[in-house]
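Values quoted throughout were computed directly from the atomic coordinates according to the rules given, and no laboratory measurement underlies them. Just so you know, these numbers come straight off a predicted model, no measurement behind them. Backbone-built Cβ (ideal geometry, glycine too); neighbour counts: all protein chains shown.
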Amino acid sequence: MAKTALVTGILGQDGPYLAQFLIKKGYKVYGLIRRYSNPNFSNLDFVGVTNDVDYVEGDMNDEASLLNIVRTLQPTEVYNLAAQSFVKSSFDQAKLTTEVNSLGPLYLLNAIKYFSPMTKFYQASTSEMFGLQHTNGYQDENTPFHPRSPYGVSKVYAYWMTVNYRESYGLFTANGILFNHESPIRGIQFVTRKITDGVARIKLGLAKDLRLGNLEAKRDWGFAGDYVEAMYLMLQQPASNDYVIGTGESHTVREFVEAAFKSVGINNWKKYVVIDPQYKRPAEVPALKAKADRAMKNLGWKPKVSFEELVEMMVKADLKRYGSK
């Protein structure tokens, strides 16, 4: 009998790549979607799995819908990728961010506890939980949390609730503490996609400048398609655990900008970039870098796409989008 997986956040960035990965593994994939009059399946179209996913209607804010879905499907695995994940917006929408990112995982955990206790649960945690904390310049599973945004705070709650249900009820629950991971289907509001989209527009003569905030923030950037494999591997282990996932390299936003312009043959990028204070966060996280030794040792996982390859991949995709128009 084929394994089944319920994926929340199926319309976002990671959901389509995970669905594609699981379908290739022979899974029957169910995708949770809210009741839209016109849902946007473009990200699933991009990876070519729109018609291969079974869609179920529900909402992370509606516990009854999640209880009913888990009770009905009895999935082998649940991957909770749904979130209000834009850090800057979390300062303006702290309550919504908390409801979706904190209470939503709790509702799913309760549904598994009561109706499908053999289901394995993956919680999408984030490096933003670390905030200012680091150990010798990096973060791993033993680094304390010090979130610097409502988004990070909401994810810390979900992290500990996931641990608590593992320790209290014996459920198979795993936190994937993923550092920044990008792709051609990253939301346009995120700085990486804003950069690659802006560079494509400038290259094609559709824009004259690129407006950004803090160029000195350092992040550990990887490819989302690599990271979904780590999610899957966490739920295939004999015992559940929590894992940091990242490349072990950090680059500034400035380096990302430079690499993006370089990929289209523009070296004097500074004349196109305008620093705009409105894009700066109220509280900045200056530097994040993963130490993913546990994942590499226990899961046998390692990233395949380099930083330069990732940036070029994203710029090429945006050039193709505008070219097709």
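What does the highest-first list of 202-208, 259-265, 272-278 look like by mean Cβ count within 10 Å? Display every interim value, and only then the final one.
Numbers: 202-208: 13.7, 259-265: 19.1, 272-278: 11.9.
Sorting 202-208, 259-265, 272-278 by mean packing, highest first, produces 259-265, 202-208, 272-278.
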The helix 191-203 Cα axis meets the longest alpha-carbon principal axis of the chain at an angle in degrees, between 0 and 90 and rounded to 10, of 40
Nearest-ten-degree value, helix 104-115 long axis tilted from longest Cα axis of the chain: 20
Arranged by the count of other C-beta atoms within 10 angstrom, fewest first, what order do Trp269, Trp301, Trp221, Trp160 take? Trp160, Trp269, Trp301, Trp221
The stretch 1-107 - charge dipole about Cα centre, Lys and Arg +1 at Cβ, Asp and Glu -1, debye rounded to 20: 220
Residue exposure sequence - Glu182, Glu63, Glu216, Glu308 - by fewest surrounding Cβ within 10 Å: Glu216, Glu308, Glu63, Glu182
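What shape does the stretch 1-137 take by its C-alpha gyration tensor, where a ≥ b ≥ c are the square roots of the eigenvalues and a/c under 1.5 counts as rounded, a/b above b/c as prolate, and the rest as oblate? Mind showing how you got there, number by number?
Values: a/c = 1.44, a/b = 1.32, b/c = 1.10.
Verdict is rounded for the stretch 1-137.
Report, in deg cm²/dmol and to the nearest 500, the calculated mean residue ellipticity at 222 nm for the chain, where each DSSP H run with n ≥ 4 adds -39500 (n - 2.57) and the sum is divided by the residue count.
Values: 11 runs with 123 residues, N = 325.
Calculated from helices alone, the mean residue ellipticity at 222 nm is -11500 deg cm²/dmol.
How big is the charge dipole of the stretch 261-325 about its Cα centre, in debye rounded to the nearest 20, if each Lys and Arg gets +1 on its Cβ and each Asp and Glu gets -1 on its Cβ? Mind dumping the intermediate values first?
Values: 15 positive and 7 negative charges, 24 e Å.
Using Cβ point charges on Lys, Arg, Asp and Glu, the stretch 261-325 gives about 120 debye.
Quote the relative contact order of the chain in percent (integer), defining contacts as alpha-carbon pairs under 8 Å separated by 6+ residues.
Working: 644 pairs, mean separation 55.2, N = 325.
Relative contact order for the chain comes out at 17 percent.
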Report, in degrees rounded to the nearest 10, the 0 to 90 angle that the Cα long axis of helix 307-324 makes with the longest principal axis of the chain. 80
At R0 = 22 Å, FRET efficiency that the Cβ-Cβ distance of Val274 and Thr252 yields, to 0.05: 0.80
Short version: ³J(HN,Hα) in whole Hz for each residue of the stretch 43-59, in order, from phi by Karplus 6.51 cos²θ - 1.76 cosθ + 1.60 (θ = phi - 60°), x for Gly and Pro, what are they? 5, 5, 4, 4, 9, x, 10, 3, 8, 9, 9, 8, 9, 10, 8, x, 8
Within the stretch 264-325, how many lysine pairs that are 8 or more places apart, or on different chains, have C-alpha atoms less than 28 Å apart? 22
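Set the Förster radius R0 to 41 Å, insert the Cβ-Cβ distance between Lys297 and Met1 as r into 1/(1 + (r/R0)^6), and round the FRET efficiency to 0.05.
Details: r = 32 Å, r/R0 = 0.77.
Computed FRET efficiency for Lys297 and Met1 comes out at 0.80.
Pairs of alpha-carbon atoms within less than 8 angstrom and 6+ residues apart define the contacts here; what relative contact order does the stretch 19-64 have, in percent?
Values: 40 pairs, mean separation 22.4, N = 46.
This gives 49 percent for the stretch 19-64.
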What is the packing order of peptides 48-60, 104-116, taking the mean over residues of other C-beta atoms within 10 Å and listing the highest first? 104-116, 48-60
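Using +1 on the beta carbon of Lys and Arg, -1 on that of Asp and Glu, and nothing else charged, what's the dipole of the stretch 90-215 about the Cα centre, debye to 20?
420
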Lys and Arg at +1, Asp and Glu at -1: neighbours of Asn268 with Cβ under 15 Å from its Cβ sum to +4
5 Å is the cut-off here: which amide hydrogens, built 1.01 Å from N in the peptide plane, fall below it relative to Gly58, excluding neighbours closer than 5 in sequence? Ile33, Arg34, Arg35
Positive-end residue, the stretch 215-297 charge dipole about Cα centroid, Cβ charges, pick of Ala260, Thr247, Ala295: Ala260
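As a footprinting exposure proxy, order Ser127, Ser324 by other Cβ within 10 Å, with the fewest listed first.
Details: Ser127 24, Ser324 6.
Going from least to most buried by this count: Ser324, Ser127.
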Work out how much length Arg35 to Glu308 would gain on full extension: take 0.36 nm times their residue separation and subtract the Cα-Cα distance, in nm to one decimal. 94.4 nm
Contact order normalised by residue count of the stretch 107-266, Cα under 8 Å, 6+ apart, percent: 24
